[in-house]
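One structure below.
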């Protein structure tokens, strides 16, 4: 994709909705290389590289705001890579917190599921009872 393409063509190539590309543009993650006389967006290879960067970063759990920070650091080669590592370390800590929360939720749900015989009236269901309890 060395030539300039419309938003629709880029969206199809990258398997994204054109509205997603428009949103990324609004929040400053990508920008068109230029616009036509009729104001159509035209994107070049840099937009495609940035979209792939965004997808990879999202797959690692980074938010769009964090991805914006990473892209900003990438645009400044003189910046200290320690800033990138700090962002990665923060994300790792966030993921570890989420894992602990998920493990806690799983243990709680497992405890409730063990109490449920799996048959009979829902009026006697210990899972529903625990969810409706004012003590919970």
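Just so it is clear, none of the values below were taken in a lab; they were calculated from the coordinates. Keep in mind the model is a prediction, meaning the values are calculated, not measured. Every residue, glycine as well, gets a Cβ built from its backbone with ideal geometry; the counts of neighbours run over all protein chains shown.
Per DSSP helix of 4 or more residues, -39500 (n - 2.57); summed, then divided by the residues of the chain. What does that give at 222 nm, rounded to the nearest 500?
Values: 6 runs with 85 residues, N = 136.
Roughly -20000 deg cm²/dmol at 222 nm, from the helical runs in the chain.
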Working from Cα positions, state the angle (0 to 90°, nearest 10) between the long axis of helix 45-59 and the longest principal axis of the chain. 10
Give the calculated FRET efficiency between residue 107 and residue 69 to the nearest 0.05, with a Förster radius of 35 Å applied to their Cβ-Cβ distance. 0.50
With a ≥ b ≥ c the root eigenvalues of the C-alpha gyration tensor of the stretch 1-103, is it rounded (a/c under 1.5), prolate (a/b larger than b/c) or oblate? prolate
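Expressed in nm to one decimal, what extension gain is obtained for the pair residue 124 and residue 15 from 0.36 nm per residue of sequence separation less their Cα-Cα distance?
34.4 nm
Between residue 27 and residue 81, what length comes free when the chain is fully extended (0.36 nm per residue of separation minus the Cα-Cα distance, one decimal in nm)? Could you put the intermediate results ahead of the total?
Details: separation 54, 0.36 × 54 = 19.44 nm, distance 2.38 nm.
Additional length available on full extension: 17.1 nm.
What is the extension gain from residue 114 to residue 90, computed as 0.36 nm multiplied by their sequence separation minus the C-alpha to C-alpha distance, in nm to one decimal? Provide the component values of the computation, followed by the final result.
On the way: separation 24, 0.36 × 24 = 8.64 nm, distance 3.61 nm.
So the chain would gain 5.0 nm between residue 114 and residue 90.
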Can you give the angle from 0 to 90° between the axis of helix 81-115 and the longest principal axis of the chain, with both taken from C-alpha atoms, to the nearest 10? 30
